[in-house]
Structures are given as C-alpha cells and as structure tokens.
C-alpha cells in the first residue's frame, strides 16, 4: 500500500495541461520518441488528472491509499463485464505509467522496481488495445493504447526527464546523480549530469539501467 504525501501539488503552474504537454513533447524530442498526437494528448490528460489526490488514490477506511498493481490486475481478471474489465485495465496502465515515470526514484527503494511497473502497465495497455480492436464497436482508442503498450518504456523515460527538468538541482543533487551513474551506469543519470556540464566518457563496470 502506498500512502499519498500530504501535499500532492506536483507543479504550481496555472495551466497544468500546458505544462505537461510542453514538457512531455520536449522530452520525447530529446529521446527521439515519436507518437500519435492523440496518444500524447491521452498521456497529458492522464497526468493532469492524477495531480488530484482523489483521482489517483482511492478512499478506504484508512483514508486515501494507492491500490497495488496486483490487486488492480485481479480486478481486471475478475471483472463482471467487458466494460468493467476495460476500465480496470486502463486504470492499471495509467497508474503504472504515472508512478514509474514520475516516482521512479522512490520505486528503487521498494521491493518492486520500475521494471515491474513497466511490465504490468505495458501488458495492461496491450490487453486493452486488443479488447477494443476485437469489439464490435471499433474505437480509435485502440491505436492509442497499442502505442502506449509498445512504447511504454519510452514514455516512462520521457516522464523521468520531465521530472528531472522540473527540479532545481544543487551540488548535493549532482553528487547523488554521479553516485547513481557510478553504481549503475544509468543513462538517465548521465543525461542529468550532462545538463549540468559533467560529461561522462565511459560507463562504469557493472549493470546498466535506463
């Protein structure tokens, strides 16, 4: 169970959608990630919607909390109708993309990491796309969810860049990102360091992550 922070204000701009759209499009261009306009619009609307606590978290007797992905998957499997199943799959994909993209650092300290969210979210969008395409009523949304499934990792990395660019880094941040790069060879950490004038020539020995 993930408990929401007291302050869920991710950004303070007066136009949340404009902020996310401009930031996401810029990050996608930097990473050479191409997508349909309606796919970008879908992600932007999802991000803007989840800045509200009651849209992302669910209320229960303990207050607001974020339901684990495994339970969301269970709801999709046991859904009584096709409509409920599609809603559950969409919820699963959206939550996975949002958390993996904007809170990747916190996931690195948990039992399940970003890879788990990528796997679950990508699969959810893929199943949703197939369900929409196989239904009697064709809907253009099937292409959107297919693209999100196929490029889930790319969208996660683009959102990570959005988060990185919105931070005001100080010396401690730079040192922390260098430690991450030295330990894992993270391309993301290398990009952050490069923006602060530190160019890494060779990856350290060991595993390499995004």
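Descriptive notes on the structure:
- Angstrom value of the Kirkwood radius, inverse mean 1/r, which spans all Cα pairs in segment 24-73: 13.1
- Counted by neighbouring Cβ atoms within 10 Å, the residues 125, 117 run from fewest to most as 117, 125.
- For segment 16-166, the spread of Cα positions along each principal axis, largest first, Å: 43, 40, 26
- Listed from fewest to most Cβ neighbours within 10 Å, the set 175, 132, 198 follows the order 175, 198, 132.
- Segment 45-108: mean projected area of Cα convex hull, nm²: 5.0
- Modelled FRET efficiency - R0 30 Å, residue 199 with residue 37, Cβ distances, 0.05 increments: 0.30
No value in this document is a laboratory result; all are computed from the given coordinates. Note that the structure is predicted; figures quoted are calculated from it, not measured. Cβ sites come from the backbone with ideal geometry, for glycine too, and all protein chains shown count toward neighbours.
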